[in-house]
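Presented below is the structure to which this report refers.
The values are calculated or read from the model by the stated rules, or taken from the named source; none is laboratory data. All values reported here derive from a predicted model rather than from experimental measurement. No Cβ is skipped: glycine too gets one built from the backbone with ideal geometry, and neighbour counts run over all protein chains shown.
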Amino acid sequence: MPKPSPETYPAFFHRYVSNVAEEDLVSAFENQRLLIREFLNTITEEKSSHGYAPGKWTLKELLQHVIDTERIFNYRALCFSRKESASLPGFEENEYAANSNANRRLWNDMVAEFISLRESTECLYKSFNTEMLGLSGKSDNKPTTVNSIGFITIGHFYHHKKIIKERYLT
């Protein structure tokens with residue numbers, strides 16, 4: 001499925017979709033797969049427990065945010081592919097982070113969880129046919145297509161990878 005046009009997702013998500021270089025969803029997932037493993041495995045347990053400034057998320061909280069968000073995006077994609085008519089709720093990322101227990105977990109366990117989740121995400125998207133990818137639903141009362149959610153998911157990781165490189169690993 002080709003890269004979505006901006007009218008198929010809320011404007012807020014353009015910053016994520018624009019991070020994806022590929023024009024094809026399957027290629028975008030495939031190209032990001034190895035990058036995730038290589039990048040996250042460069043971060044040490046010690047480094048993962050620190051934020052880049054007071055009051056900012058630790059790397060563990062940030063990775064948990066990426067994990068939680070991908071799960072929520074997957075749920076939305078599944079619901080929309082099944083023609084759910086109700087608007088799904090949004091979520092408050094700071095509340096999720098505060099209640100995540102991320103800082104009591106081991107970094108390598110979290111990385112393994114994310115890699116496993118991403119494999120599941122890819123399986124989910126491979127199960128969608130062209131019609132399903134084109135279906136739209138609402139979350140937080142804003143329409144989004146299944147295909148758009150896939151690109152948003154990929155771009156969300158790139159967004160946070162950039163933040164990690166610029167703010168946490170300098």
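Residues checked against (1) under 15 Å from the mean Cα position of the chain (by Cα); (2) farther than 16 Å from Lys165 by Cα:
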site: Glu22; (1), (2): no, yes
site: Arg37; (1), (2): yes, no
site: Pro54; (1), (2): no, yes
site: Val66; (1), (2): yes, no
site: Thr69; (1), (2): yes, yes
site: Phe73; (1), (2): yes, yes
site: Ala77; (1), (2): yes, yes
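Note on region 20-42: residues that are over 15 Å from Glu70 (Cβ atoms) and outside any helix (DSSP H, G or I) total 6. Residues that are touching an Asp or Glu at 6+ places or on another chain (Cβ under 9 Å), assigned to a loop (DSSP other than H, G, I, E, B) and aliphatic (A, V, I, L, M) do not occur anywhere in region 117-125. What are the pairs, 6+ residues apart or on separate chains, where a residue within region 57-77 that is under 15 Å from Asn101 (Cβ atoms) and of a type in the set (Asp, Glu) has its Cβ under 6 Å from a residue that is modelled with pLDDT of 95 or more and assigned to a helix (DSSP H, G or I)? Sorted first by the residue in region 57-77, then by its partner, the pairs are Glu61/Ala97; Glu61/Ala102; Asp68/Tyr96. Condition check for Val111 on (1) closer than 18 Å to Val26 by Cβ; (2) touching a helix residue (DSSP H, G or I) at 6+ places or on another chain (Cβ under 7 Å): one failure, at (1). More than 20 Å from Ser5 (Cβ to Cβ) and surrounded by 14 or more Cβ atoms within 10 Å (Cβ to Cβ) - does that describe any residue in region 122-130? Checking region 122-130: at least one residue is more than 20 Å from Ser5 (Cβ to Cβ) and surrounded by 14 or more Cβ atoms within 10 Å (Cβ to Cβ).
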